[in-house]
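J.: Structure incoming, see below.
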Amino acid sequence: MNTVTIVIETLTTGTGFNIFYQNMGQLFYLFTKKPGKYLEVRNKQIPDNVTVVEVDTTNEKTVYTKIKDLGLKPSAIFSLSDGFVEIACRVACNFGCVANDPELIALCRNKQALRDRLQKMGVKTPEHYLLPAKLTDTYKNYPYIVKPNSGTGSMGVLIAHDFAELKQCHACLKPQHSEILIEEFLLGPLISNEVFVSEGKVLDLGLTSRVLSDFPYFVEEGYSFPMDIGPNKDEVFQTSKQILEKLGYQHGPVHIEYILTAKGPVLVEINPRLAGGPIGNMLLYCLQENIYQSICQEYLTGKRATKFNLQAGHGMAVVSVFATEEGILAGLELNLAKKYPGVVKIEVLKVISDKLTLAHDYSGEVLRVYAIGKTSEEAYYRALAAKNAVKIQLK
């Protein structure tokens, strides 16, 4: 282990520790403000190549000082968690490590500023406005999406069908968020384009379908990869490629979301990181190349990615399972679900005695059913069928 890689927070939704398991020959330090938020830490299942360091990861200076105090000489510094990518880039720049421009990352995380920039570039995005502190009944084209301007993980994303609901959304979000965005409600399914940028070269990984929960929330409850949308597929990737090239994006995975409207794809947001949820596992299964090894190689300035290829006949889908009522988790009955055709994994995200919440955001997710098939559609039907056999016991 000749290199030291610092990961400033990773994903908490099941795939975050893949970066460590898929690179066992490297030495990692996981910097985290709350070690207990990771299931692997709570279950004492930390890989041998990982040292967990508790530090305030929301403070750039504190992270920098901790690295110095530990006497580390990092070869790479990055984050897989949306809220920490910018800080990781700034710290990486301070140590001379490979990194994207921190100001570009800040732009990507500011939904209003990013969309303003994209619209000037001629890119189709939803119409949007920042809500004023005091609302007036001047909005006419209901329904609207209401969300934090810098939110992530479907947290706080709501729908307002009229002014009364808009006021309710505003009152709900205002205590936690200084800027609240209202945007045009677009008709069409949500998809994402997973791409990887290596020294400025934009490489296509594929498209992911994303199934959302019932209104008023927008929790992602199902995924399948790779998705085939016919002629629009190339249009989506070319849009992603041109945008990232014009913005000057240089390194690592990017997750770009689109709504497939009747008039064509409309870009919703750009996330400067690997997609969250189970998508990392799906890429790991469906691509010939190892996405997690590619991430490390990119930031370690080692072997560069040149192309990603899909495995023929490999489709994967994941369906999330949420509690239908709040309570304390007492047990799970999974034996029948595991016997369904194509089911390869049931990933449990909670432990006994955890408090379960409803499907208002990803934090209420109890488990995921993974299924494979010759196509992503076949895999999705299999996962959906097996989901019905899961039983959650509460106390």
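J.: Name every residue in the stretch 169-218 that is within 29 Å of Gln293 (Cβ to Cβ), of a type in the set (D, E, K, R) and assigned to a loop (DSSP other than H, G, I, E, B), in order of residue number.
T.: Hit for the stretch 169-218 is Glu199, nothing else.
J.: Something else: Among the residues of the stretch 301-320, write down those that are surrounded by fewer than 18 Cβ atoms within 10 Å (Cβ to Cβ) and touching a strand residue (DSSP E or B) at 6+ places or on another chain (Cβ under 6 Å).
T.: Filtering the stretch 301-320 for residues surrounded by fewer than 18 Cβ atoms within 10 Å (Cβ to Cβ) gives 301-304, 306-307, 309-313.
Matches in the stretch 301-320: Arg304 only.
J.: Something else now. What pairs come up if the first residue lies in the stretch 327-354 and is closer than 25 Å to Tyr38 by Cβ, the second is in a loop (DSSP other than H, G, I, E, B) and acidic (Asp, Glu), and their beta carbons are under 8 Å apart, counting only those six or more places apart or on different chains?
T.: Going by the 8 Å Cβ cut-off, the qualifying pairs are Ile328/Asp354; Leu329/Asp354.
J.: Among the residues of the stretch 114-140, what is the count of those that are part of a loop (DSSP other than H, G, I, E, B) and either among the hydroxyl-bearing types (Ser, Thr, Tyr) or within 16 Å of Ile259 (Cβ to Cβ) (or both)? It would help to see each step written out before you state the result.
T.: Here is the first cut: in the stretch 114-140, the residues part of a loop (DSSP other than H, G, I, E, B) are 121-127, 131-140.
Narrowing the set further to residues that are either among the hydroxyl-bearing types (Ser, Thr, Tyr) or within 16 Å of Ile259 (Cβ to Cβ) (or both) leaves 123-127, 136, 138-139.
Residues meeting the conditions: 8.
J.: Another question, if that's okay. Quick one: which residue in Leu104, Leu114, Leu118, Leu158 is in contact with a Lys or Arg (Cβ under 9 Å, 6 or more places away or on another chain), farther than 14 Å from Phe185 by Cα, surrounded by 15 or more Cβ atoms within 10 Å (Cβ to Cβ) and not assigned by TED's automatic domain parsing to the domain that holds Glu9?
T.: None of the others qualify; the one that does is Leu118.
J.: Give the residues of the stretch 136-182 that are over 18 Å from Glu220 (Cβ atoms), touching a residue at least 60 places away in the same chain (Cβ under 8 Å) and touching a His at 6+ places or on another chain (Cβ under 9 Å), sorted by residue number.
T.: Leu181
J.: Taking only pairs six or more apart or across chains, which ones have beta-carbon atoms under 8 Å, a first residue in the stretch 214-225 that is touching a residue at least 24 places away in the same chain (Cβ under 8 Å), and a second residue that is of a type in the set (Phe, Trp, Tyr)?
T.: Val219/Phe322; Val219/Tyr362; Glu220/Tyr362; Glu221/Phe322; Gly222/Tyr380; Ser224/Tyr380
J.: A further question on this structure: Restricting to the stretch 216-273, count the residues that are among the polar types (S, T, N, Q) and either surrounded by fewer than 19 Cβ atoms within 10 Å (Cβ to Cβ) or touching a Cys at 6+ places or on another chain (Cβ under 8 Å) (or both). Give the steps one after another, and end with the answer.
T.: The first filter runs over the stretch 216-273 and keeps only residues among the polar types (S, T, N, Q), leaving 224, 232, 238-240, 242, 250, 261, 271.
Cutting the leftovers down to either surrounded by fewer than 19 Cβ atoms within 10 Å (Cβ to Cβ) or touching a Cys at 6+ places or on another chain (Cβ under 8 Å) (or both) gives us 232, 238, 242, 250, 261, 271.
Here the count works out to 6.
J.: Give the residues of the stretch 330-379 that are under 21 Å from Leu394 (Cβ atoms) and hydroxyl-bearing (Ser, Thr, Tyr), sorted by residue number.
T.: Ser353, Thr357, Tyr362, Ser363
J.: Related question: Scan Leu39, Leu11 and give me the residue that is buried (at least 22 other Cβ atoms within 10 Å of the Cβ) and either at pLDDT below 95 or closer than 19 Å to Leu70 by Cβ (or both). Let's see the steps before the verdict.
T.: Numbers: Leu39 fails: buried (at least 22 other Cβ atoms within 10 Å of the Cβ).
Only one candidate qualifies: Leu11.
J.: If the requirement is being in contact with a Ser or Thr (Cβ under 9 Å, 6 or more places away or on another chain), hydrophobic (A, V, I, L, M, F, W, C) and surrounded by fewer than 17 Cβ atoms within 10 Å (Cβ to Cβ), which of these qualifies: Val52, Val98? Walk me through how you get there before you give the answer.
T.: On the way: Val98 fails: surrounded by fewer than 17 Cβ atoms within 10 Å (Cβ to Cβ).
The unique qualifying residue is Val52.
J.: Say we look at the stretch 161-185 and pick out the residues that are modelled with pLDDT under 90 and polar (S, T, N, Q); which of these is surrounded by the most Cβ atoms within 10 Å (Cβ to Cβ)?
T.: Gln176
J.: Enumerate the pairs (first residue in the stretch 229-257 and more than 16 Å from Gln119 (Cα to Cα); second residue anywhere and surrounded by fewer than 20 Cβ atoms within 10 Å (Cβ to Cβ) and among the small types (Gly, Ala, Ser)) with beta-carbon separation below 8 Å, excluding pairs fewer than 6 apart on the same chain, so at least 6 apart or on different chains.
T.: Close Cβ pairs satisfying both conditions: Asn232/Gly264; Glu235/Gly264; Gly248/Gly200; Tyr249/Gly200; Gln250/Gly200; His251/Ser198.
J.: Among the candidates Pro231, Pro278, single out the residue that is modelled with pLDDT under 95 and within 23 Å of Arg109 (Cα to Cα). Please lay out each step first, then the result.
T.: Numbers: Pro231 fails: within 23 Å of Arg109 (Cα to Cα).
One residue alone meets the criteria, Pro278.
J.: If you take the residues in the stretch 64-106 that are among the polar types (S, T, N, Q) and more than 19 Å from Leu274 (Cβ to Cβ), which one is farthest from the chain's Cα centre (by Cα)? Before the answer, list the steps.
T.: Start the filter on the stretch 64-106 by keeping residues that are among the polar types (S, T, N, Q), which leaves 65, 75, 79, 81, 94, 100.
Now restrict to residues that are more than 19 Å from Leu274 (Cβ to Cβ): 65, 75, 94.
Values: Thr65: 28, Ser75: 25, Asn94: 26 Å.
Applying the filter and picking the extreme gives Thr65.
J.: In the stretch 371-385, which residues are within 9 Å of Met316 (Cβ to Cβ) and surrounded by fewer than 24 Cβ atoms within 10 Å (Cβ to Cβ)?
T.: Answer for the stretch 371-385, where residues must be within 9 Å of Met316 (Cβ to Cβ) and surrounded by fewer than 24 Cβ atoms within 10 Å (Cβ to Cβ): Ile372, Gly373.
J.: Another one. Exactly one condition in (1) surrounded by fewer than 21 Cβ atoms within 10 Å (Cβ to Cβ); (2) touching a Ser or Thr at 6+ places or on another chain (Cβ under 6 Å) is false for Pro143; which is it?
T.: Unmet for Pro143, out of (1) surrounded by fewer than 21 Cβ atoms within 10 Å (Cβ to Cβ); (2) touching a Ser or Thr at 6+ places or on another chain (Cβ under 6 Å): (2).
J.: Is there a residue being within 30 Å of Pro74 (Cβ to Cβ) and either in a loop (DSSP other than H, G, I, E, B) or outside the structural domain of Phe78 (by TED's automatic domain parsing) (or both) anywhere in the stretch 341-348? First the steps, then the outcome.
T.: At the first step, the residues of the stretch 341-348 found to be within 30 Å of Pro74 (Cβ to Cβ) are none.
No, there is no match, as no residue in the stretch 341-348 is within 30 Å of Pro74 (Cβ to Cβ) and either in a loop (DSSP other than H, G, I, E, B) or outside the structural domain of Phe78 (by TED's automatic domain parsing) (or both).
The values are calculated or read from the model by the stated rules, or taken from the named source; none is laboratory data. What you see is a predicted model, and the numbers here were worked out from it, not measured in a lab. Positions of Cβ are generated from backbone atoms using ideal geometry, with glycine treated the same way; all protein chains shown enter the neighbour counts.
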